[in-house]
Amino acid sequence: MAKTSTTTQGLRAAIERSGYYPALVAEAVEAAVGGEPIKSYLVHQETTFDQNEVRRHVTVLVLTGNRFIVSHTDEQAADTTSPTPYATTSTESVKLGRISSVVVSRVVANPESYTPGTLPREVVLTIGWGAVSRIDLEPAACGDPNCDADHGYTGSSTADDLSLRVSEAGDGPETVRQALAFAQCLSEATADLTR
């Protein structure tokens, strides 16, 4: 990554602000991005409670001119495989042409008095590129309540590669703004490929 890029410096600063193993996360993301200029990014830290343990997870999304990069870092407690706590980091690089959907769900308070430009209370960003699909099946039935024939199954297949939720209350208004900006930039980049 070019160290002089304002966007690159902003990404590095956002990773450091997350406070979640910034050297490890930045190294993984920088290796995945390589020398490509960054068009947009989003850093999201999520803390969860698992019985008596607090676990942190950070997701970094990066958009370049050709690729969408997603990085996940999780921390793990000591277990049978490691006597000390450890972290796992993974990155995936997806060609923009493979992205099949960008879904932005917004939750707004008092919709009857909504003013355009008002920040949503919550944003859920779902991105699909075909790596992970979920199939929900259920027995098919007909309208006859006395019918006992086997009608097979019915169901749906849903692309479910990445879903990220940010909220004003939990993550702050700036993270909600960044999520919307990233989603718009990604939508525009994928729309440019279909023209």
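A few points about this structure:
- Pairs where the first residue, in the stretch 46-69, is farther than 20 Å from A26 by Cα and the second is part of a strand (DSSP E or B), C-beta under 6 Å, 6+ apart: T48/R55
- Some residue of the stretch 101-110 being in a loop (DSSP other than H, G, I, E, B) and at pLDDT below 95: yes
- Residue within the stretch 106-122 that is in contact with a Gly (Cβ under 9 Å, 6 or more places away or on another chain), surrounded by fewer than 13 Cβ atoms within 10 Å (Cβ to Cβ) and farther than 28 Å from T8 by Cα present: no
- Selection within the stretch 151-181 - modelled with pLDDT of 85 or more and open to solvent by 80 Å² or more (accessible area, probe 1.4 Å): R165, A169, E174, R177
The values are calculated or read from the model by the stated rules, or taken from the named source; none is laboratory data. Predicted model, so just to flag it, every value in this text is computed and none were measured. Glycine gets a Cβ as well: all are built from the backbone with ideal geometry, and neighbour counts include every protein chain shown. For the accessible areas, the whole protein counts, side chains as well, though only heavy atoms, and no ligand, DNA or RNA atoms are used. Shrake-Rupley method; radii C 1.70, N 1.55, O 1.52, S 1.80 Å.
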